[in-house]
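Working notes for the structure below.
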Amino acid sequence: MIPQGSRPSKIHGFEDEDVGRAFGGCRCYRIRINGIGAAIVQPDRSNYPADLVEIIAPVNLRESLHLLDGDEVELEWQ
């Protein structure tokens, strides 16, 4: 899924002693979806299937792009 040669940004895991929980690290890849800046997030440890990715964006992509489950979007690597 991730093109060969893509360079991720690394976010290191950390522990929050106030809540007694550890948060794992991840790798992030900059993308654009239908012209909106976003990122693919790949947790270092995950139970995600190989064909599933997590995408974050500064806007709600479903609302902004009027998406429904199963809709296709154009993804551009940055």
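Some points to look at:
- Boolean, Glu74 is among the charged types (D, E, K, R) and modelled with pLDDT of 95 or more: no
- For Pro43, the criteria (1) within 20 Å of Glu72 (Cα to Cα); (2) out of contact with any helix residue (DSSP H, G or I) (no Cβ under 9 Å at 6 or more places or on another chain) hold in every case but one, which is (1).
The values are calculated or read from the model by the stated rules, or taken from the named source; none is laboratory data. Computed from a prediction, not measured in an experiment: that's the story for all the values here. Virtual Cβ from ideal backbone geometry, glycine too; neighbours counted across all protein chains shown.
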